[in-house]
Amino acid sequence: MRWLILLILTATLARADGEPAGEFDYYVLSLSWSPTWCAQEGAARGSPQCDADADFGWVLHGLWPQYERGWPSHCRTVHEDPSRAVTGAMADIMGSSGLAWYQWKRHGRCSGLSAPAYFEAARQAFEAVNRPAVFRKLKDPVRLPAAIVEEAFLRANPDWRPDMLTITCKAGRIQEARLCLTRDLRPRKCGADVVRDCAMRDALMDPIP
């Protein structure tokens with residue numbers, strides 16, 4: 001019984017569903033490498049993000065409100081859900097309006113902002129990142145240490161420190177770059193539960209089609 005109670009408490013600390021909107025400490029800006037998502041699930045779904053002429057590299061996965069430990073989710077908010085026009089306008093940097101809607105439902109409501117204001121903040125944060133051009137130049141799949149991807153981001157953004165950024169992997173591939181931001185969208189140190197860099201030395205990175 002003791003282990004069950006501990007498991008429940010740990011899950012509660014990690015994520016809190018249905019919390020009041022606007023009560024959080026900082027943001028995590030998540031950028032996903034589109035070829036990885038397409039290889040793992042997007043192409044099978046027939047997502048337009050994965051079309052041969054789509055030309056997506058690093059795309060905005062989401063802007064996530066975060067606690068110093070754990071994160072809120074599916075918060076209660078007084079703001080209306082976004083219109084199709086609002087989510088559709090994010091497809092140029094998120095790959096699809098469907099992702100924009102999902103991110104609002106799970107994370108955006110927790111920001112305490114209206115949907116237009118939340119997506120405006122997400123776009124502002126995304127556009128402030130210098131995404132390393134070297135990865136757009138890949139012609140063939142490569143295997144590389146995840147630390148190389150982190151170093152490329154740090155060189156492209158000299159105001160960042162290593163403790164502000166983490167690189168994640170999934171199923172042996174480079175998955176995401178996650179940058180921690182203050183509530184006014186300035187880079188800051190990540191919480192201990194966010195800074196968990198992928199340690200792979202031979203992570204696969206596919207080129208943009």
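Per 0.36 nm of contour for each residue apart, how much would the distance between Leu185 and Glu41 grow if the chain were fully extended, relative to their Cα-Cα spacing? Walk me through the intermediate numbers first.
Numbers: separation 144, 0.36 × 144 = 51.84 nm, distance 3.03 nm.
48.8 nm is the gain from fully extending Leu185 to Glu41.
Of the trypsin sites (Lys or Arg not before Pro) in the stretch 140-209, the ones in a loop by DSSP (not H, G, I, E or B) with at most 14 other beta carbons within 10 Å are Lys189, Arg196, Arg201. Taking Thr87, Thr36, Thr182 in turn, the Gaussian network model of the chain (Cα-Cα springs below 10 Å) assigns the largest fluctuation to Thr182.
For every helix of n ≥ 4 consecutive DSSP H residues, a contribution of -39,500 (n - 2.57) applies; sum these over the chain, divide by its total residues, and give [θ] at 222 nm rounded to the nearest 500 deg cm²/dmol.
Values: 7 runs with 60 residues, N = 209.
Using -39500 (n - 2.57) per qualifying helix, the result is -8000 deg cm²/dmol.
Here the calculated FRET efficiency for Glu151 and Ala128, from their Cβ-Cβ distance with R0 = 22 Å, stands at 0.65, rounded to the nearest 0.05.
If you take the Cα centroid of the stretch 141-209 and the Cα centroid of the stretch 14-53, the two points sit 15 Å apart. Compactness of the stretch 103-162, taken as the C-alpha radius of gyration over 2.2 N^0.38 Å, stands at 1.50.
Which residues make up the longest stretch of the chain that has no GluC sites (Glu not before Pro) in a DSSP loop with at most 16 other Cβ atoms within 10 Å? The partial results should precede the final answer.
Details: sites that count: Glu23, Glu68, Glu80.
By the stated rule (loop sites, at most 16 other Cβ atoms within 10 Å), 81-209.
Taking 17 Å as the cut-off, the amide N atoms of the stretch 183-209 that come nearer than this to a point 7 Å along the Cα-to-beta-carbon line of Arg143 belong to 199-207. Farthest toward the positive end of the dipole of the chain, out of Pro82, Tyr67, Phe126, is the Cα of Tyr67, where the dipole comes from beta carbon charges about the Cα centre.
Coordinate-derived values only; no laboratory data. Keep in mind that what you see is a predicted model, and the values were worked out from it rather than measured. All Cβ positions, even for glycine, are placed from backbone atoms using ideal geometry, and neighbour counts span all protein chains on display.
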